Amino acid sequence: MAASSGVFAAADRGDSECILEPLSLPESPGGVAAVEESPSVPCIFCEECSPRAEQDQLLKHMIIEHKLVIADVKLVADFRRYILYWKKRFTEQPITDFCSVIRTNSEAPIEEQDNYFLLCDVLPEDRLLREQLQQKRLREILEQQQRERNDTSFHSICMFCDKEFTGNRSVLFNHMARDHAFNVGLPDNIVNCNEFLAALQKKLDNLQCLYCERTFRDKNTLKDHMRKKQHRRINAKNTEYDRFYIINYLEFGKSWEEVQSEDDRELLDNVEEDWSDWEEHPVCAVCLFCEKQADTTEKLCLHMKEAHGFDLLKIKTEHGLKFYQQVKLVNFIRREIHQCRCYNCKEMFQCKTELISHMEITKHITFLPTKSTWDQPQYYFPTYENDTLLCTLSDSEDELTAKDQSEDVPVISEDLSDLEALRQSSVLNQLLREENSD
């Protein structure tokens, strides 16, 4: 399975006020590996050889020249080892001991008839060979994945902003998910990371959208397309990416979609089970000024108060902030911190660490700028797409209680401007007249 160098750098850096892409807060971990060139694959019967990448040519050759058909080739985990195994076995025993014979043109004269040989997993030996190759490949892939997870010599450049990353692969994948909203899944589920990144980079260099795979005339057009269409993800239907995900190696003959659909069916089959002991994992909210996370608003507010001197609850109470004002305030602060700018004195800094140090020393972090600065419609929109803190905000309990107890409910009166005309034309009035006349 399964979303160009510098393509998505923020607004050319020239206009620091613009954030032209949704951001994401930290999520989780990502691979290395130099993939060796595959050796050539020989024909089972003759000296003909083909590169592994051109195995279809070899299959075509064996069908035309030797009348051999191999069933379900895509389910063979290691095509070269599979061919070498049968090349040896066919020298030991006749081909008819292993293959079903399919006769074509059976009603034609003998000289016009052809016998084709079908090699498939109906044969127990073939089935066992395929399973062993699958298990061997799975062991190799898991070993490769483990090497990539433990590797600290990883070095790569972000394909969206040209930022350089070294150390572990997860740093780069987390950066792309957090800062560019480009999430390809958990890094621990990825294998052959270098090859994966190279494949993605090649598509962007060719001005190709990673999701819909359309080609565009220039980088800016591609960037706008992927941002507006939310195409900052890879196409899960593109089997080219299957070799980079562990799930595709787990079960013999099954793709990730089949494995996933089986899991879904199991959930549907067990709908009657007792879920009373289900415990939902808490969603963590991230601090406004650092990457500290907490599973409750109270813990996060306490951290910001003790570590940074920013008392969100006190500010909310003193300023009487309603829900949407709190939303705008949070988004405003997130934006200013992301741009490394003090929201009080507007001084710019090279990094977030310098900014927070300045704000704490000058106490600029503890009080807000004028309300007109942050109480703007543009801050209705989240700075970070996955900002869980926004989901935990609420109106104060005192305010809600006051609203519930208030009896000063406005009543809109009827329009009495033509009341006399209404009385004269009333249906009830006519009925009363008729009753009196009787």
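Here, each number is a calculation from the coordinates, and none is a lab measurement. Keep in mind that this is a model prediction, so the values were computed, not measured. When we count neighbours, we look across all protein chains shown, and the Cβ atoms used for this are built from the backbone with ideal geometry, even at glycine.
Report the Stokes-Einstein translational diffusion coefficient (µm² s⁻¹, integer) for region 137-186, Rh taken as the Kirkwood radius over Cα pairs, at 4 °C with viscosity 1.567 mPa s.
110 µm²/s
Given the C-alpha centroids of region 186-226 and region 295-323, what is the distance between them in whole angstrom?
A separation of 40 Å, based on Cα centres.
Which listed residue (161, 183, 211) has the Cα farthest towards the positive end of the charge dipole for region 154-220, taking +1 on Lys and Arg C-beta and -1 on Asp and Glu C-beta about the Cα centre?
211
State, to one decimal in nm², a quarter of the convex hull surface area for the C-alpha atoms of region 89-233, i.e. the direction-averaged projected area. Please list the in-between numbers first.
Values: hull surface 61.9 nm².
If I average the Cα hull's projected area over directions, I get 15.5 nm².
For region 175-240, what size does the Cα cloud have along each of its three principal axes, sorted from largest down, in whole Å?
Principal-axis extents of region 175-240 (Cα, largest first): 34, 23, 20 Å.
Determine which lysines satisfy two conditions relative to residue 60: a Cα distance under 19 Å, and not lying fewer than 8 residues away in the same chain.
Cross-link targets: 74, 87.
In this model, which of 229/346; 163/237; 316/346 are farther than 26 Å apart at the alpha-carbon?
229/346; 163/237
Excluding residue 114 itself, calculate the net charge of residues whose Cβ lies under 15 Å from the Cβ of residue 114, where each Lys or Arg counts +1 and each Asp or Glu counts -1.
-2
Give, rounded to the nearest 20 debye, the magnitude of the charge dipole that region 42-156 has about its Cα centre when Lys and Arg contribute +1 at Cβ and Asp and Glu contribute -1 at Cβ.
Details: 17 positive and 21 negative charges, 120 e Å.
With Lys and Arg at +1 and Asp and Glu at -1, about 580 debye.
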